[in-house]
Amino acid sequence: MLNINANIKQGEKMTNKIWKPIVKVCWGKLGFDFDGLFITDPFITPCETESVDDPKSYYGLSDKQLKQFTDMGYC
């Protein structure tokens, strides 16, 4: 029988790590890497065909990160 929790010591709990984007400036644009793309407007989907109502839940951005985009006038 295969034990998928073999690397976890007895008594330890498994935790789900949630990916959080890192906002940075690249080529003079504020943005973050998401699914292999550099996103500069968190209010638009990566394919740029639809708007995003809640960038915090869609991309995993924090309030502070979202404020960086609005303060810079990107959105």
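Throughout, read-outs are computed from the coordinates displayed, never taken from laboratory work. Note that the coordinates shown come from a computational prediction; the quantities given were computed from them, not determined experimentally. Reconstructed Cβ throughout: ideal geometry from the backbone, glycine too, with neighbour counts over all protein chains shown.
Within the stretch 56-67, the set of residues being assigned to a loop (DSSP other than H, G, I, E, B) and among the polar types (S, T, N, Q) comprises just one member, S62. Listed by first and then second residue, the pairs linking a residue in the stretch 54-75 that is closer than 11 Å to P21 by Cβ and free of Cβ contacts under 8 Å to residues at least 40 places away in the same chain to a residue that is charged (D, E, K, R) and surrounded by 13 or more Cβ atoms within 10 Å (Cβ to Cβ), with Cβ atoms under 8 Å apart and 6 or more places separating them unless they lie on different chains, are L66/K56.
Across the stretch 21-55, the number of residues qualifying as among the aromatic types (F, W, Y), surrounded by 13 or more Cβ atoms within 10 Å (Cβ to Cβ) and part of a loop (DSSP other than H, G, I, E, B) comes to 1.
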